[in-house]
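What follows is one structure encoded as C-alpha cells, with my remarks underneath.
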Amino acid sequence: MKHKLTFMFLLFTLAVFLGCKSKEEDAWKKLADQHKPLVQKHMNELAALAYQYKLRPKEMRGGGGSYVGFEIPSQMALEANASFKAYAQADNIVFTAVDVDGKGTIKGTCDSIGKLGSWEYTGLFQ
C-alpha cells in the first residue's frame, strides 16, 4: 500500500510538472508570436537604411553600390524584443534578430534592389 501511494504521488507530481512546463512553453510561444511582426518591422527599417547606404556614393560615406561597410546604428542594434546583427556582402546583406530571451531567431536577406525576404525562423519564432 505504501509503495502504491508513493508511486501515485510520483505520477501526480510528474503530471503537474509536465502541465506547468506545457503552459510555460505556450506562454513563450504567444509572446514570440506577438514579437515576430515587431521584429520584422524593425528589420525592414534596417534594410531601408542599408539600401540607402548602398546607393550613396563613397564620398558621402555610402557603399558606392555595395552593402559592404554598412553597420547597424548602435541605437538600433537593440530594441525591446530583440538584438540585431548585419552581415554585409556586395550584393546582399543578411540581418539576424535574436529574441531578447534567446528563445528564437529571425533571419532575413536584403537583396540587390533593397527587398527584404528569404525569411528563416528558429526556436519559438517557427
Please state which one of GLN34, GLN40 is part of a helix (DSSP H, G or I) and open to solvent by 80 Å² or more (accessible area, probe 1.4 Å). GLN34
Tally, over region 91-105, of residues that are at pLDDT 95 or above and open to solvent by 50 Å² or more (accessible area, probe 1.4 Å): 2
In region 106-126, what residues are modelled with pLDDT of 95 or more, in contact with an Asp or Glu (Cβ under 9 Å, 6 or more places away or on another chain) and surrounded by 19 or more Cβ atoms within 10 Å (Cβ to Cβ)? ILE106, GLY108
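The values are calculated or read from the model by the stated rules, or taken from the named source; none is laboratory data. Quantities reported herein were computed from a predicted structural model and do not represent experimental measurements. Because the Cβ atoms are built from the backbone with ideal geometry, glycine has one as well, and the counts that use them run over all protein chains shown. Remember, those area values only see protein heavy atoms, side chains included, never the ligands or the DNA or RNA. Shrake-Rupley method; radii C 1.70, N 1.55, O 1.52, S 1.80 Å.
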